[in-house]
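First the structure, in the form of structure tokens, and then the observations on it.
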Amino acid sequence: MASRTTPNDKINLRLILVSGKTAEFLFLPSDSAAEITEHVYSHWPSEWNDEQLPSSNILRLIYQGRFLHGNVTLAALQLPTGKTTVMHLVARENLPEPNNQGQLKKDKSGESGCSNCCVVL
């Protein structure tokens, strides 16, 4: 898929499904993850028709291995305008709770552990 020219005031998101299919969408830095997933659901690409989901409220974005909660904006992620950024789009009912500064809790032995890990696509 050829990348389009991205206006200097927008962010081009290349979204990748678990199946590997991709599509690109333009967004403003002030757009939130919830607004983005609603827009994508409302403008579902025809190439993704066999991937159609029952509702927009289970679409989730993953950026750099982390689920984005609904109110997080693209500006808060410090994404560059006029460029393309890649994110994954998955169907998931619930999001894991955000952890403190991305640190895993240590058990009494000092080992890092994660009882609620997820697979990065």
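Please determine whether any residue of the range 7-25 is over 17 Å from GLU93 (Cβ atoms), without any contact (Cβ under 8 Å) to a residue 12 or more places away in the chain and either in contact with a strand residue (DSSP E or B) (Cβ under 6 Å, 6 or more places away or on another chain) or assigned to a loop (DSSP other than H, G, I, E, B) (or both). Scanning the range 7-25 turns up at least one residue that is over 17 Å from GLU93 (Cβ atoms), without any contact (Cβ under 8 Å) to a residue 12 or more places away in the chain and either in contact with a strand residue (DSSP E or B) (Cβ under 6 Å, 6 or more places away or on another chain) or assigned to a loop (DSSP other than H, G, I, E, B) (or both). Of all positions in the range 35-47, none carries a residue that is touching a Gly at 6+ places or on another chain (Cβ under 6 Å) and within 21 Å of ARG92 (Cα to Cα). Taking the range 54-80 as the range and being crowded, with 16+ Cβ neighbours inside 10 Å and either in a loop (DSSP other than H, G, I, E, B) or in contact with a strand residue (DSSP E or B) (Cβ under 8 Å, 6 or more places away or on another chain) (or both) as the test, the residues that pass are LEU59, ARG60, LEU61, ILE62, TYR63, PHE67, LEU68, VAL72, THR73, LEU74, LEU77, LEU79.
The number of residues in the range 51-91 being at pLDDT below 80 and either under 21 Å from ASP31 (Cβ atoms) or small (Gly, Ala, Ser) (or both) comes to 4.
So in the range 59-80, with the set limited to residues that are of a type in the set (A, V, I, L, M) and within 12 Å of the chain's Cα centre (by Cα), which one is farthest from ASN12 (Cα to Cα)?
Step one: of the range 59-80, the residues of a type in the set (A, V, I, L, M) are 59, 61-62, 68, 72, 74-77, 79.
This time we only want the ones that are within 12 Å of the chain's Cα centre (by Cα), so: 59, 61-62, 68, 72, 74, 77.
Details: LEU59: 18, LEU61: 14, ILE62: 15, LEU68: 17, VAL72: 17, LEU74: 11, LEU77: 14 Å.
Checked the range 59-80; the qualifying residue farthest from ASN12 (Cα to Cα) is LEU59.
Of all residues in the range 29-44, those satisfying the criterion of being surrounded by 15 or more Cβ atoms within 10 Å (Cβ to Cβ) and touching a residue at least 24 places away in the same chain (Cβ under 8 Å) are PRO29, ASP31, SER32, ALA33, ALA34, ILE36, THR37, VAL40.
The values are calculated or read from the model by the stated rules, or taken from the named source; none is laboratory data. Quick caveat: nothing in here was measured; it's all calculated off a predicted structure. Don't worry about glycine lacking a Cβ; one is built from the backbone with ideal geometry, like all the others, and counts go over all protein chains shown.
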